[in-house]
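Beneath this line is the structure, given in C-alpha cells, with notes to follow.
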Amino acid sequence: MRPVPWFCKGKAVRDPPRGRQDGFMEYFLQLFFGGLSRGSVYALIALGYTMVYGIIELINFAHGEIYMIGAFMGLIVAGVLTAMGWPTLSILVIALIIAVLYSAAYGYTVEKIAYKPLRGAPRLSPLISAIGMSILLQNYIMLAQTPDFLPFPRLIPDLEFMEPYANFLATSDLFIIVTSIAVMVALTLFIKFTRMGKAMRATAQNRKMAMLVGVNVDQVISATFIIGSALAAVGGVLIASHIGQINFVIGFLAGIKAFTAAVLGGIGSIPGAVLGGLVLGWTESFAAGYVSSDYEDVFAFLLLVLILIFRPAGLLGKQRAQKV
Amino acid sequence: MKARWMMTVLGVAMAGMLAVGCGGEKKEEKKPEAANATAAAPAAKKVVLGVAGAQSGDLASYGLPSLNAAKLVAKEINAKGGINGAQVEVMPMDDQCKPELATNAATKLVSEKVTIVLGHICSGATKAALPIYKDAKVIVMSPSATSTELTQSGNYPNFFRTISYDLIQGKAAAEFAVNELKVKKVAVIHDKGDYGKGFAESAKKALEDGKVAKVALFEGITPGGVDYSAIVQKIKASGADCVLYGGYHPEASKIVTQMHKKGLKIAFVSDDGVKDDTFIKTAGADAEGVYATGPQILADNEVYKKALADHEKEFGSKPGAFFPQAYAASQALLNAVAKAGSTDYDKVVAALQKEYVETPVGKIKFDAKGDAEGVSFSVYQVKSGKYELVK
C-alpha cells in the first residue's frame with residue numbers, strides 16, 4: 001500500500017556497522033539537530049499561542065485542539081486525494097489549504113462563542129472558558145471521529161539532496177524548521193507594516209483607546225484568532241505528517257509543550273516563541289542524550305523555572321513594570 | 001438561616017428522588033425481557049457482571065474487545081436460561097486506562113452492588129481500583145493487567161487474571177532475544193508506566209541472570225512526545241544490537257519509525273501492549289519485522305473458534321486485543337457464580353480455585369494467588385502487515 005520507505009532506497013551502504021560507536025562530535029550534532037527539529041515543532045505551535053496572547057492577553061488553551069482539528073482535516077483531505085491518485089506534493093498543498101480554512105473557521109467560531117461574551121469579565125473567566133472549550137473539542141473529535149490512533153500519511157516528500165544528512169536531519173524536520181522561521185518573519189512583518197497589524201498593536205496596547213480612535217476591535221480580535229488558528233492548522237498538518245500518527249489528544253500534549261515554549265521565550269513575543277521552542281527542544285534533547293531521558297522533562301521545566309526567576313517576562317518578553 | 005437549611009434538605013431530597021426515579025425507570029425497561037425468558041424466576045434475580053476498562057480515550061482499542069467478549073458470554077448464558085434462572089446483565093464502566101478514573105469506576109460499580117467485575121484493562125488503572133474492590137469484597141478478574149505485583153504480592157486476594165504476568169512476559173521476551181535472535185547487547189527502554197517499566201525490569205533481570213547478553217542501556221521515555229530522536233541516537237551510541245521496549249503502541253511506533261529514519265535497523269522486541277493491530281496501522285512499513293510477545297493462543301481451540309465466529313456474527317468484525325482472555329475471564333467468573341450457587345464472595349473464590357473451565361485460552365482454573373494455571377506467552381512478529389506466531 002505505502003511506497004517503499006525512502007531509507008530503503010539504495011541506502012544500505014550508508015548503514016553504520018553494528019555496534020560502532022559514534023564520535024563525540026557526531027553524537028553532539030545528532031542531539032543538536034534532534035533538539036532543533038523537536039524545538040521547531042514546539043515553535044510552530046507556540047507561534048499561534050503567543051500571537052493571540054500578544055493581542056488580547058488570553059491564553060487560548062483551545063489552540064492545541066485547533067491544531068488537532070487541522071491535522072484531522074488534513075488527514076481526511078489527504079485520504080480522499082490519495083485515493084484519487086494525486087501526487088504527494090499537491091496533496092500536501094491542498095490538504096494545507098483546506099485545513100487552514102477549516103481551522104480558521106473553527107478559531108473564529110470558538111472566539112465568538114467562548115471568548116467574546118466574556119470580553120468585559122475578569123481575566124480568569126475567559127481562561128476557564130478556554131479550558132472548557134479545549135475539553136469540549138477534544139471529546140467532540142473523539143466521539144465524531146475515533147478514539148483510536150490513526151496513521152497519517154507522510155505528505156512531506158523526501159528530497160534527494162537531504163539523503164546524506166538523514167542521520168542528522170530528515171526533510172520533514174527541515175520543512176518544519178523553515179516553515180517556523182518563515183511564519184515568524186511573515187508575522188513580524190505583518191504586525192509591523194500592515195494596516196491590520198497596526199490595528200492589532202493598538203488593540204494590544206489599549207483596547208479602549210483603540211476603540212475611541214476608530215479601530216474596530218471586534219474585527220481585529222477575530223482576525224487575530226483566524227490567523228492564530230490558520231497557523232495551528234499549518235502546524236497540525238506538517239507535524240502530523242512528520243510524526244506519522246494522530247489522535248484526539250495530540251493537541252493537548254503538544255499544546256502544553258508549546259505553551260511552555262511560548263512562556264520561555266516571552267509570551268506575546270513572536271520571535272520569542274521560536275526561540276523558546278528551540279531552547280526547550282535543545283534542553284530536552286541534550287538532557288535525554290547526556291543524562292537520561294528519564295529526566296528530560298525535569299530539566300526542561302527546571303530551565304523554565306530558572307529563566308522565569310531571572311527574566312520573569314521570558315527570554316524576549318518586554319519587561320514591564322506592573323501597575324499596582 | 002433556618003429557611004435556607006430547610007431548602008438544602010429539600011433540595012437534597014429532591015435530587016435523591018430524581019436518582020431513584022431514574023433507577024426505577026431503567027429497571028422497568030429491562031424487566032419484560034427477563035420476565036419472558038424465565039417466567040418462573042423471581043423478577044429481581046439477576047447477576048450483574050461489571051466490565052471496567054478503557055472504553056473510550058486513546059487506549060480504547062484495548063478495552064472495547066473485552067466489553068464485546070462479556071456481552072457475547074452473557075448472551076450465550078442468557079440464551080440457555082441464565083445462571084440458575086438468573087439473567088446475566090453486563091454493566092460497562094469506562095476508565096480510559098487512567099488510574100484516577102479507575103477509582104471512580106470502581107466506586108460506582110461498588111455502589112451499584114456489583115459483586116463480580118471483568119477488568120480493569122491497564123495495570124496502572126487496575127492497581128488504583130483494587131483496594132476499593134477489596135474493601136467491598138468484589139471479585140475482579142482482568143484479561144490484560146499483567147503487572148507482576150497484582151497477584152504475586154498477595155495484597156489482593158480478590159484479584160484474578162486470565163493472562164500471564166510481566167515477570168514471565170519480560171523473561172520470555174529476553175529469552176527470545178538471547179536464544180533465538182542471538183543478540184549480545186540489549187537496550188532496554190520503557191515508558192515509565194507501571195506496565196512498561198514492569199516488563200522492562202523483568203527483562204533486564206532475566207538478561208542479567210542469563211549472563212549471555214549485556215544490558216547496554218536502561219532508560220525511560222516520556223509518553224506522548226513529538227520526537228524520540230535523542231533516545232534513538234543514544235541506543236545507536238550504546239552499540240546495542242536489539243531494543244527491548246516495555247510500553248504501549250503509540251510510542252513504540254514512533255520509536256521504530258525514528259530508528260529506521262536514523263538508519264538504525266536492529267531487532268525491536270516488545271510486549272503485548274504493542275501486539276495490537278493499531279501499531280501496524282500507525283507504523284506502516286516500519287512495523288515489518290517487529291517482534292512482540294503476546295498471550296498464547298491455541299489456534300485449534302474449539303471454544304476460541306466458536307467465540308471468533310460469534311463475534312463475527314454479532315459485531316461484524318474481527319475481535320481486537322485481549323478478546324480471548326476477556327472471553328475466558330467472563331466464562332470463569334460466571335461459571336464460578338453458577339457453581340457456587342450464589343454471588344457470595346468466599347464461595348465464588350473457592351469455585352474459581354477449584355472448578356476447571358473450557359475457555360479460549362485453554363482449560364483453566366486459578367492458583368491461590370489468582371493467576372490462571374496453564375496460560376503463558378508466545379512471541380509474534382509482524383510479517384506483511386500481520387502479527388504471526390514465531391514461537
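Roughly what % of DSSP beta bridges within the range B:167-271 run antiparallel, to the nearest 5? Expressed as a percentage, antiparallel bridges in the range B:167-271 total about 0.
Mind checking which lysines have their Cα closer than 20 Å to the Cα of residue B:75? Skip sequence neighbours fewer than 8 apart in that chain. The qualifying lysines are B:26, B:27, B:30, B:31, B:45, B:46, B:305, B:306, B:313, B:318, B:339. Per-residue Karplus couplings for the range A:132-147, computed as 6.51 cos²θ - 1.76 cosθ + 1.60 with θ equal to phi - 60°, are listed in order as x, 4, 4, 5, 4, 5, 4, 6, 4, 5, 4, 6, 6, 9, 6, x Hz, Gly and Pro entered as x. Peptide A:137-146 has a mean shielding of 1, counted as Cβ atoms of other protein chains within 10 Å of each residue's Cβ.
Surface listing: A:162, A:209 arranged by accessible area from highest to lowest gives A:209, A:162, probe 1.4 Å. Going 7 Å from the Cα of residue B:152 along its beta-carbon direction, which residues of the range B:193-214 have the amide nitrogen within less than 12 Å of the resulting point? What the label zone holds, given the 12 Å backbone N cut-off, is B:198-206. Of all aspartates and glutamates in the structure, the ones whose alpha carbon falls short of 17 Å from that of residue B:184, not counting any fewer than 8 places away in one chain, are B:175, B:208, B:209, B:241.
Given Cα pairs under 8 Å that are at least 6 residues apart, what percent is the relative contact order of chain B? Please list the in-between numbers first.
Details: 793 pairs, mean separation 61.0, N = 391.
Across chain B, relative contact order equals 16 percent.
In order along the range B:212-226, phi translates into HN-Hα couplings of 8, 10, 9, 8, 7, 7, 9, 8, x, 10, 8, x, x, x, 8 Hz, rounded to whole numbers, per the Karplus curve 6.51 cos²θ - 1.76 cosθ + 1.60 with θ = phi - 60° and x for Gly and Pro. Surface composition of the range B:167-271: carbon plus sulfur atoms contribute 53% of the solvent-accessible area (1.4 Å probe, protein chains only, all chains present).
Counting every Cα pair in the protein assembly as shown, what percent are over 42 Å apart? When all Cα pairs of the protein assembly as shown are counted, 36 percent exceed 42 Å.
Sorting B:260, B:120 on solvent-accessible area from highest to lowest, probe radius 1.4 Å, gives B:260, B:120.
What percent do you get for the relative contact order of the range B:110-251 when only Cα pairs under 8 Å and 6+ apart count?
Numbers: 256 pairs, mean separation 31.2, N = 142.
Value for the range B:110-251: 22 percent.
For residue B:160, the residues whose amide H sits under 5 Å from its own are B:140, B:141, B:142, ignoring neighbours fewer than 5 places away on the same chain, with H placed 1.01 Å from N.
Taking a ≥ b ≥ c as the square roots of the eigenvalues of the Cα gyration tensor, the range B:167-271 is oblate, since a/c reaches 1.5 or more and a/b is not larger than b/c. Calculated accessible area for the protein assembly as shown comes out at 44 Å² per residue, all protein chains present (probe 1.4 Å; ligands, DNA, RNA ignored).
Quick check on packing: order A:245-255, A:85-95 by the mean number of other C-beta atoms within 10 Å, highest mean leading. Please report the intermediate quantities before stating the final value.
Details: A:245-255: 24.2, A:85-95: 16.0.
Ranking, from highest mean packing down: A:245-255, A:85-95.
In the range B:252-291, burial by the other protein chains removes 40 Å² or more of accessible area from B:254, B:261, B:262, B:263, B:265, B:281, B:282, B:285, compared with the chain on its own (1.4 Å probe, ligands and nucleic acids ignored).
Helix-only mean residue ellipticity at 222 nm, the protein assembly as shown, DSSP H runs n ≥ 4 weighted -39,500 (n - 2.57), per residue, nearest 500. What is it?
Working: 24 runs with 403 residues, N = 715.
Calculated from helices alone, the mean residue ellipticity at 222 nm is -19000 deg cm²/dmol.
Of all lysines in the structure, the ones whose alpha carbon falls short of 20 Å from that of residue A:208, not counting any fewer than 8 places away in one chain, are A:112, A:116, A:198, A:323.
Shown for the range B:226-248: residues covered by the partner protein chains by 20 Å² or more of accessible area relative to the chain by itself (probe radius 1.4 Å), namely B:226, B:227, B:229, B:230, B:233, B:234, B:236, B:237, B:239, B:241. Considering only A:199, A:83, A:186, the mean-square fluctuation computed in a Gaussian network model of chain A, springs between alpha carbons under 10 angstrom, is largest for A:83.
Only bridges whose two residues both fall in the protein assembly as shown count here: according to DSSP, what percent of them are antiparallel, nearest 5? Present the calculation step by step, with values, prior to reporting the outcome.
Values: 16 of 51 bridges.
Among the beta bridges of the protein assembly as shown, antiparallel pairing accounts for roughly 30 percent.
Across the range B:251-265, computed HN-Hα scalar couplings (Karplus, 6.51 cos²θ - 1.76 cosθ + 1.60, θ = phi - 60°) run 6, 4, 6, 5, 5, 4, 4, 6, 4, 5, 4, 8, x, 9, 10 Hz from first to last residue, x flagging Gly and Pro.
Do the alpha carbons of any pairs in B:71/B:254; B:185/B:365; B:275/B:363 sit beyond 29 Å of each other, and which pairs? The pairs that break the limit, which is 29 Å between Cα atoms, are B:71/B:254; B:185/B:365. For the pair residue A:206 and residue B:75, label points projected 7 Å from Cα toward Cβ lie 7.1 nm apart. Sorting the segments B:74-81, B:180-187 by their mean number of nearby beta carbons within 10 angstrom, highest to lowest, gives B:180-187, B:74-81.
Computed on protein heavy atoms with a 1.4 Å probe, what is the summed buried accessible area for the chain pair B and A, in Å² to the nearest 100? Write down the numbers at each step before the final one.
On the way: alone 18030 and 16860 Å², together 31120 Å².
In total, this chain pair buries about 3800 Å².
Here the relative contact order of the range B:167-271, from alpha carbon pairs under 8 Å that lie six or more residues apart, stands at 34 percent.
Taking amide hydrogens as placed 1.01 Å from N in the peptide plane, the amide H of residue B:359 sits under 5 Å from those of B:364, each at least 5 positions away in sequence or on another chain.
The values are calculated or read from the model by the stated rules, or taken from the named source; none is laboratory data. Since the model is a prediction, treat every value here as computed from it, not as a measurement. With ideal geometry, Cβ positions are generated from the backbone for all residues, glycine too; neighbour counts draw on all protein chains shown. Accessible surface areas use protein heavy atoms only, side chains included; no ligands, DNA or RNA. Shrake-Rupley method; radii C 1.70, N 1.55, O 1.52, S 1.80 Å.
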